[in-house]
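Undergrad: This is the structure I want to talk about, given as structure tokens.
The values are calculated or read from the model by the stated rules, or taken from the named source; none is laboratory data. Computed from a predicted structure; not experimentally measured. With ideal geometry, Cβ positions are generated from the backbone for all residues, glycine too; neighbour counts draw on all protein chains shown.
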């Protein structure tokens with residue numbers, strides 16, 4: 001009876017750039033969905049700049065000084081930055097669906113309060 005020595009199993013380190021089980025092709029998004037998400041993100045960011053071409057007309061309609069009317073884009077961009085800084089990390093700490101529902105509910109209340117003023 002001959003006993004053969006077995007070589008110990010060694011684990012090879014994954015190669016840089018090699019796909020792991022979690023990064024398989026099964027999780028790829030459809031190109032149409034990627035385009036839709038990219039357009040949504042682009043339009044969302046672009047919306048903070050839509051007021052700038054109208055600032056002159058707004059100043060004339062509301063009899064506002066350049067300083068007063070300049071607060072519109074400033075506050076819009078500061079609000080956007082504050083949202084990124086404070087609201088986006090909530091999705092990392094809490095269930096994203098609940099965060100989205102809470103933000104939507106809060107936005108609805110804010111719009112209702114604004115309409116009543």
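Undergrad: Please verify whether residue 69 is part of a helix (DSSP H, G or I), under 26 Å from residue 41 (Cα atoms) and touching a helix residue (DSSP H, G or I) at 6+ places or on another chain (Cβ under 9 Å), treating the condition exactly as stated. Let's see the steps before the verdict.
TA: Values: part of a helix (DSSP H, G or I): yes; under 26 Å from residue 41 (Cα atoms): no; touching a helix residue (DSSP H, G or I) at 6+ places or on another chain (Cβ under 9 Å): yes.
For residue 69, the condition - part of a helix (DSSP H, G or I), under 26 Å from residue 41 (Cα atoms) and touching a helix residue (DSSP H, G or I) at 6+ places or on another chain (Cβ under 9 Å) - is not met.
Undergrad: Would you point out which residue out of 35, 46, 30, 41 is under 21 Å from the mean Cα position of the chain (by Cα) and at pLDDT 95 or above? Before the answer, list the steps.
TA: Details: 46 fails: at pLDDT 95 or above; 30 fails: at pLDDT 95 or above; 41 fails: at pLDDT 95 or above.
After ruling out the rest, the residue left standing is 35.
Undergrad: Quick check on my filter: what residues within the stretch 35-48 are out of contact with any helix residue (DSSP H, G or I) (no Cβ under 6 Å at 6 or more places or on another chain) and either touching a residue at least 40 places away in the same chain (Cβ under 8 Å) or surrounded by 12 or more Cβ atoms within 10 Å (Cβ to Cβ) (or both)? Can you show your working first?
TA: Just the residues of the stretch 35-48 that are out of contact with any helix residue (DSSP H, G or I) (no Cβ under 6 Å at 6 or more places or on another chain), to begin with: 35-47.
Answer for the stretch 35-48, where residues must be out of contact with any helix residue (DSSP H, G or I) (no Cβ under 6 Å at 6 or more places or on another chain) and either touching a residue at least 40 places away in the same chain (Cβ under 8 Å) or surrounded by 12 or more Cβ atoms within 10 Å (Cβ to Cβ) (or both): just 36.
Undergrad: So, one more: Can you confirm whether residue 89 is in contact with a helix residue (DSSP H, G or I) (Cβ under 8 Å, 6 or more places away or on another chain) and surrounded by 10 or more Cβ atoms within 10 Å (Cβ to Cβ)? Explain how you work it out, then say what you get.
TA: Values: in contact with a helix residue (DSSP H, G or I) (Cβ under 8 Å, 6 or more places away or on another chain): no; surrounded by 10 or more Cβ atoms within 10 Å (Cβ to Cβ): yes.
No, not satisfied.
Undergrad: Now, a different point. Only residues in the stretch 79-93 that are in contact (Cβ under 8 Å) with a residue 24 or more places away in the chain count as the first member; pair them with residues that are surrounded by 11 or more Cβ atoms within 10 Å (Cβ to Cβ), Cβ under 6 angstrom, at least 6 apart or cross-chain, and list the lot.
TA: So the pair list comes out as 80/48.
Undergrad: Of the conditions (1) modelled with pLDDT of 90 or more; (2) farther than 21 Å from residue 45 by Cα, residue 78 clears all except one; give me its number.
TA: The failed condition is (2).
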